[in-house]
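Chemist: The structure's right below; bear with me while I get my questions together.
Values quoted throughout were computed directly from the atomic coordinates according to the rules given, and no laboratory measurement underlies them. Please read these numbers as outputs of a predicted model, since none were measured by experiment. Cβ placement follows ideal geometry from the backbone for every residue including glycine, while neighbour counts extend to all protein chains displayed.
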Amino acid sequence: MKILIKGGRVVDPANNLDKVCDVLIENGKISKVALNIKTDAKEIIDASSKIVVPGLVDMHVHLREPGREDKETVKSGTLAALAGGVTSLLAMPNTQPPIDSKEHLDVLGDIINKTARANVFIAASITKGRLGEELVDIASLKKQGIVAITDDGDSVDSDILMSSAFSKAGESNVLVICHCEDKLLSMNGAVNLGFTSTRMGLRGISKESEYKRIERDITLAKDAGACLHIAHVSCKESIELIADAKKKGIAITAETAPHYFALDEAAVIDYDTNMKMNPPLRTTQDRESIKQALKDGIIDVIASDHAPHTENEKDIEFERAEFGVTGLETELSASITELVNTNLLNWPELVKKMSFNPAQILGIDKGTLTPGRAADIIVVSGDRERIVKKEEFVSKSKNSPFLNRKLKGVVEYTICGGKIAYKYKKE
Amino acid sequence: MAWTRKDLLGLESLSREEIELILSTAESFKEVSTREIKKVPALRGKTVVNLFYEPSTRTRVSFEVAAKRLSADVINISPETSSVRKGETLVDTGRNIQALKADIIVVRHASSGAAAMLSRHLDISVVNAGDGWHEHPTQALLDIFTLKEKIGRIKGINVTIVGDIAHSRVARSNIWGLTKLGANVTLCAPKMLIPVGIEEMGVNITDNIDDALVRADAVNVLRMQFERDESAAFPEALDYFRKFGITSERLNKAKKNIILMHPGPINRGIEIESDVADGPNSVILEQVINGIALRMAVLFLVSQGHDKKYEDIN
């Protein structure tokens, strides 16, 4: 089985490539990237005036299975991923039960083998039951295939426990992903602390609750020699700490999500619970800082923090509504609209943030178009516009902050493992 | 100008003209309550549902009296006696009320944004009778109405709001309404009860009650809600009274005709001295009287706004 992607602008930062050429896929692998490839391939994708890039690697996805199959499943989540151009993703371990033991890892592994439509990598929790009391067996979980640990949704409060997690992760060469939040400081808040929380009459989530915990985790990780990845950075102060740590040569990487650079706290004013996530949308100044940090390379990765919830848990009183928004199917369009379209990032830079860098950070064999690699490729219309419609989501959940917004950039084809796994339906 | 909104959710979103329209409409309705037959047919055939998730006497009764004086039918629903106890959601309750062909829901709820949420899901009118710490627009409007009646204008007057600003929807609505109409607003409270960023609403802030009173044409004294969960962060009651309580001694140092308001219910001896509450500066009972005219105006206008919207759609 051969597929030829013909005449697209091929952007592959790993190989320093950005030119119009062809990509040939054979037996599930990339066989050739060159001008005017001669082939007997029956399947030919006309990519003229389109952009051909490695499939996206989203290192922050909540697939909800096992336990909350009403929100999302491995199958529905990976289908949503393909629709958004994501061919590889890291599944967060805050499932029910959490991925904190060999048994639970096996359960998830089995579901993935049977139902996943894209490449799913697994993060285990840092502590058993995500309770912040006792570490999981990091070394043996690593042997069983996990690529990172995280208590995402929570932060490990105990300094001693977290320090020991960093040491053990360092010994086993496992990435530690930190959801940085001091819950004593975030105090059951619902929106950014400040004028927004005050005018809405809601408890606020301070920036301190985020950056103080980043500060702590940097200190602990540095001493332990572990690789630290900061999840969902939302504010200026956090960026400054990360920039400083990078300058000092500490092994730290950071990610943000599209809502933190595409939106700010003004979006939440009408109590739209699809704008409620943790950390919350911050000020316009923070939003600008996030964009600048992406440009400057302080933030390495754009990940969705795809957090599907049912309407019953979302379309209710603001304080009671669950935190989190979906993102797999909008992250590329939102990033093109906000970053590429505004000339803040060029295409190679965007591909680094959404594919190459996360693959490098996770140590997985993805994020490039190097011949011989599995053919995970997407074909994108960079200028084509779409309006985000509730009824068009593939995900089981529809809690997107971009509902009814006009975004630029459409994923025309997603090729995963050498097969056309998704094709945009509208002409 | 004509009123075009089907709902009244808060004062933040209203223009100065819209606020003035409510006030002038209330003025014309005030006379109705002095008639021998205290009724006009403005809302005859309409149904108003009072949906109160928090205990309330004066606001609920005030809305009920207002609706009845407009000849509307009134139904009162409280959580203790309804399917809310069986776990029905706010929106489902709202949809059921709409299905009964009610015309206006007056809602009070502990969650900020609850009225806005109902409004998003329903075609019928929604009037916010207090949502969490967010807004209590009719209370602020009746406060402003009373001030205007007493002083003759709002533009340029100095109004001081004393008490638990952080957890007060009355304060927020008053600030929006008063500043839109050009009053100078000063907030006075212990620092821990001043919410972050409130100065962006265009107010002065002090924790010295004497400073706050010296130039004030009116003082609105908020209820100290010691029953709240957040009371751990509260000052002790007697200490609060000593530092912030409105006493005759403090009032003697203020303008002679300073107007004293309180949204009720009063904690005598905590935020206000008992004699002061009943004294010559107090307009507390006039606020209650004006509340009826003001709420008649609001019910009337949202009903008109709804009908107008409906006509436009068809």
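Chemist: Given 0.36 nm per residue, what is the gain on full extension from B:THR89 to B:SER28 after removing their alpha carbon distance, in nm?
Modeler: On the way: separation 61, 0.36 × 61 = 21.96 nm, distance 3.81 nm.
That pair, B:THR89 and B:SER28, stretches by 18.1 nm at full extension.
Chemist: To continue, here is another question. So for the stretch A:57-111, taking the charge dipole from beta-carbon charges (+1 Lys/Arg, -1 Asp/Glu), which of A:VAL86, A:GLY109, A:VAL61 sits furthest toward the positive end?
Modeler: A:VAL86
Chemist: Something else now. Does the stretch B:1-63 classify as rounded, prolate or oblate by the C-alpha gyration tensor (a ≥ b ≥ c root eigenvalues; a/c under 1.5 gives rounded; else a/b over b/c gives prolate, otherwise oblate)?
Modeler: On the way: a/c = 1.68, a/b = 1.09, b/c = 1.54.
Verdict is oblate for the stretch B:1-63.
Chemist: From the phi of every residue in the stretch A:81-98, what ³J(HN,Hα) in whole Hz does the Karplus formula 6.51 cos²θ - 1.76 cosθ + 1.60 yield, where θ is phi - 60° and glycine or proline is x?
Modeler: 4, 4, 5, x, x, 9, 9, 9, 8, 9, 7, 6, x, 7, 8, 10, x, x
Chemist: Suppose R0 equals 30 Å; then what is the FRET efficiency for B:LYS101 and B:SER78 from their Cβ-Cβ distance, rounded to the nearest 0.05? Kindly include the intermediate steps, with their values, before the conclusion.
Modeler: Details: r = 21 Å, r/R0 = 0.70.
Calculated transfer efficiency: 0.90.
Chemist: Only Lys, Arg, Asp and Glu count, each charged at its Cβ (+1, +1, -1, -1), so figure out the dipole size of chain A about its Cα centre, rounded to 20 debye. Don't jump to the answer; show the numbers that get you there.
Modeler: Working: 57 positive and 63 negative charges, 296 e Å.
Here chain A has a charge dipole of around 1420 debye.
Chemist: Note the full-extension length gain between A:MET1 and A:VAL107 as 0.36 nm times their separation in residues minus their Cα-Cα distance, in nm to one decimal.
Modeler: On the way: separation 106, 0.36 × 106 = 38.16 nm, distance 3.28 nm.
Difference between extended and current length: 34.9 nm.
Chemist: Where does each of A:LEU185, A:LEU193 land when they are ranked from fewest to most other beta-carbon atoms within 10 angstrom? Each step should come with its number before you reach the end.
Modeler: Values: A:LEU185 17, A:LEU193 24.
So the ranking, lowest neighbour count to highest, is A:LEU185, A:LEU193.
Chemist: Taking H placed 1.01 Å from N in the peptide plane, check which residues at least 5 places from B:ILE246 or on another chain put their amide H under 5 Å from its amide H.
Modeler: Result for B:ILE246 returns B:ILE272, B:GLU273.
Chemist: Quick check on the stretch B:37-184: take the gyration tensor over C-alpha atoms, sort the square-rooted eigenvalues as a ≥ b ≥ c, and tell me if it's rounded (a/c under 1.5), prolate or oblate. Please list the in-between numbers first.
Modeler: Values: a/c = 2.29, a/b = 1.45, b/c = 1.58.
Note, shape of the stretch B:37-184 comes out oblate.
Chemist: Percent antiparallel among DSSP beta bridges with both residues in the stretch A:55-362, to the nearest 5? Don't skip to the end; give the middle numbers.
Modeler: Numbers: 1 of 25 bridges.
Percent antiparallel among DSSP bridges in the stretch A:55-362 is about 5.
Chemist: Taking other Cβ within 10 Å of each residue's Cβ, how do B:TRP133, B:TRP176, B:TRP3, A:TRP347 sort, fewest first? Kindly include the intermediate steps, with their values, before the conclusion.
Modeler: Working: B:TRP133 27, B:TRP176 23, B:TRP3 20, A:TRP347 17.
Starting with the residue having the fewest Cβ neighbours, the order is A:TRP347, B:TRP3, B:TRP176, B:TRP133.
Chemist: On a 0 to 90 degree scale, rounded to 10, what angle separates helix A:284-296 from the longest Cα axis of chain A?
Modeler: 50 degrees
Chemist: Can you work out the FRET efficiency for the pair B:ASP207 and B:THR247, with r the C-beta to C-beta distance and R0 = 22 Å, to the nearest 0.05? Don't jump to the answer; show the numbers that get you there.
Modeler: Details: r = 17 Å, r/R0 = 0.77.
For B:ASP207 and B:THR247, the calculated efficiency is 0.85.
Chemist: Using the Cα centre as the reference, give the magnitude of the dipole from point charges on the C-beta atoms of the stretch B:137-287 (Lys, Arg: +1; Asp, Glu: -1; all else neutral), rounded to the nearest 20 debye. Write down the numbers at each step before the final one.
Modeler: Details: 18 positive and 20 negative charges, 123 e Å.
The calculated dipole for the stretch B:137-287 is roughly 580 debye.
Chemist: Considering amide H positions built from the backbone, and no H for Pro or chain starts, which residues 5 or more places from A:ARG373, or on another chain, come under 5 Å of its amide H?
Modeler: For A:ARG373, the qualifying residues are A:ILE30.
Chemist: Now for a different question. Pairs of Cα atoms under 8 Å, at least six residues apart: use those to get the relative contact order of chain A, whole percent. Numbers along the way, then the final one.
Modeler: Details: 1035 pairs, mean separation 84.1, N = 427.
Reported as a whole number, the value is 20 percent.
Chemist: Report the label-to-label distance for A:ASP70 and B:GLU286 in nanometres (one decimal), using points 7 Å from each Cα along the Cα→Cβ vector.
Modeler: 5.5 nm
Chemist: Give me the net charge of A:GLU385's neighbourhood, meaning all other residues with Cβ under 9 Å from the Cβ of A:GLU385; Lys, Arg count +1, Asp, Glu -1.
Modeler: Working: positive: A:ARG384, A:ARG386, A:LYS406, A:LYS408; negative: A:ASP383.
So the environment of A:GLU385 carries a net charge of +3.
Chemist: Also, quick follow-up: Take B:LYS308 and A:ILE269, extend 7 Å from each Cα along the Cα→Cβ direction, and tell me the distance between the two endpoints in nm.
Modeler: 2.2 nm
Chemist: Explain nothing, just compute: Karplus ³J(HN,Hα) = 6.51 cos²θ - 1.76 cosθ + 1.60, θ = phi - 60°, for every residue of the stretch B:236-248 in order, whole Hz, x for Gly and Pro.
Modeler: Running phi through 6.51 cos²θ - 1.76 cosθ + 1.60 with θ = phi - 60° gives 5, 4, 5, 5, 4, 4, 5, 8, 10, x, 8, 10, 5 Hz.
Chemist: Roughly speaking, what % of Cα-Cα pairs in the stretch B:146-229 are separated by over 23 Å, rounded to a whole number? Write down the numbers at each step before the final one.
Modeler: On the way: 559 of 3486 pairs.
When all Cα pairs of the stretch B:146-229 are counted, 16 percent exceed 23 Å.
Chemist: Going by a ≥ b ≥ c, the root eigenvalues of the Cα gyration tensor, does the stretch A:55-362 fall in the rounded group (a/c under 1.5), the prolate group (a/b larger than b/c) or the oblate group? The partial results should precede the final answer.
Modeler: On the way: a/c = 1.24, a/b = 1.16, b/c = 1.07.
Verdict is rounded for the stretch A:55-362.
Chemist: Normalised by the residues of chain B, what does the relative contact order come to in percent, with Cα pairs under 8 Å and at least six apart? Display every interim value, and only then the final one.
Modeler: On the way: 600 pairs, mean separation 72.3, N = 314.
Reported as a whole number, the value is 23 percent.
Chemist: Give the distance, in whole Å, between the Cα centre of the stretch A:215-282 and the Cα centre of the stretch A:139-174.
Modeler: About 19 Å separates the Cα centre of the stretch A:215-282 from the one of the stretch A:139-174.
Chemist: Just to confirm my numbers, what's the Cα centroid distance between the stretch B:13-54 and the stretch A:7-85 in Å?
Modeler: 62 Å
Chemist: Here is a further query. Specify which residue in the list A:GLY194, A:ALA123, A:ASN312 is farthest towards the positive end of the charge dipole of the stretch A:55-362, using unit charges on the beta carbon of Lys, Arg (+1) and Asp, Glu (-1), about the Cα centre.
Modeler: Result: A:ALA123.
Chemist: Assigning unit charges at the beta carbon (Lys, Arg +1; Asp, Glu -1) and nothing else, what dipole magnitude in debye, to the nearest 20, does the stretch A:232-294 show about its Cα centre? It would help to have the intermediate numbers written out before the result.
Modeler: Details: 8 positive and 10 negative charges, 67 e Å.
It works out to roughly 320 debye.
Chemist: Using the alpha carbon gyration tensor of the stretch B:137-287, what are the three equivalent-ellipsoid semi-axes (square root of 5 times each eigenvalue), largest first, in whole Å?
Modeler: The answer is 21, 18, 14 Å, longest axis first.
Chemist: Oh, and also: Check the straight Cα-Cα distances from A:LYS38 and name the lysines below 22 Å, setting aside those fewer than 8 residues away within the same chain.
Modeler: Partners within reach: A:LYS2, A:LYS6, A:LYS19, A:LYS29, A:LYS50, A:LYS419.
Chemist: For the stretch B:63-68, in order, what is each residue's ³J(HN,Hα) by Karplus, 6.51 cos²θ - 1.76 cosθ + 1.60 with θ = phi - 60°, in whole Hz (x at glycine and Pro)?
Modeler: These are the phi-based 3J(HN,Hα) values: 5, 5, 4, 4, 5, 5 Hz.
Chemist: Most exposed first by the Cβ proxy, i.e. fewest other Cβ within 10 Å, how do A:VAL23, B:VAL288, A:VAL74 rank? The partial results should precede the final answer.
Modeler: Numbers: A:VAL23 26, B:VAL288 15, A:VAL74 23.
By the 10 Å Cβ count, ascending: B:VAL288, A:VAL74, A:VAL23.
Chemist: Over all directions, the average projected area of the alpha-carbon convex hull for the protein assembly as shown comes to how many nm²? It would help to have the intermediate numbers written out before the result.
Modeler: On the way: hull surface 141.8 nm².
The number I arrive at for the protein assembly as shown is 35.4 nm².
Chemist: Let me ask something additional. Using helices alone, I'd like the mean residue ellipticity at 222 nm for the protein assembly as shown: each DSSP H run of four-plus residues gives -39500 (n - 2.57), total over residue count, nearest 500.
Modeler: Values: 25 runs with 246 residues, N = 741.
Estimated from H runs of four or more residues: -9500 deg cm²/dmol.
Chemist: Moving to a separate point now. Amide H neighbours of A:HIS232 under 5 Å, counting only residues 5+ apart in sequence or on other chains, H built in-plane at 1.01 Å?
Modeler: Result for A:HIS232 returns A:GLU255.
Chemist: What pairs from B:LYS30/B:LYS150; A:LYS183/A:LYS248; A:LYS236/B:LYS180 go past 25 Å between their alpha carbons?
Modeler: On the way: B:LYS30/B:LYS150 15 Å; A:LYS183/A:LYS248 28 Å; A:LYS236/B:LYS180 33 Å.
Check vs 25 Å cut-off fails for A:LYS183/A:LYS248; A:LYS236/B:LYS180.
Chemist: Which one of A:ASN278, A:ALA375, A:ALA231 has its Cα pushed farthest toward the positive end of the charge dipole of chain A, where Lys and Arg give +1 and Asp and Glu give -1 at the Cβ?
Modeler: Of the listed residues, the answer is A:ALA375.
Chemist: May I pose another question? Just how far, in whole angstrom, is the stretch A:293-349 from the stretch B:119-188 if you go by their alpha carbon centroids?
Modeler: When both Cα centres are located, 37 Å separates them.
Chemist: With an 8 Å Cα cut-off and a minimum separation of 6 or more residues, compute the relative contact order for the stretch B:137-287 in percent.
Modeler: Once normalised by length, the contact order is 24 percent.
Chemist: Can you compute the modelled spin-label distance between A:GLN144 and A:THR219, with each label point 7 Å from Cα toward Cβ, in nm?
Modeler: Placing both labels 7 Å along Cα→Cβ, they lie 3.4 nm apart.
Chemist: Follow-up question, since we're still on this one. Only bridges whose two residues both fall in the protein assembly as shown count here: according to DSSP, what percent of them are antiparallel, nearest 5?
Modeler: Details: 33 of 97 bridges.
DSSP beta bridges in the protein assembly as shown are roughly 35 percent antiparallel.
Chemist: On to the next question. Mind checking which lysines have their Cα closer than 17 Å to the Cα of A:LYS396? Skip sequence neighbours fewer than 8 apart in that chain.
Modeler: Counting by Cα, and skipping residues close in sequence, A:LYS396 has these lysines nearby: A:LYS71, A:LYS75, A:LYS314.
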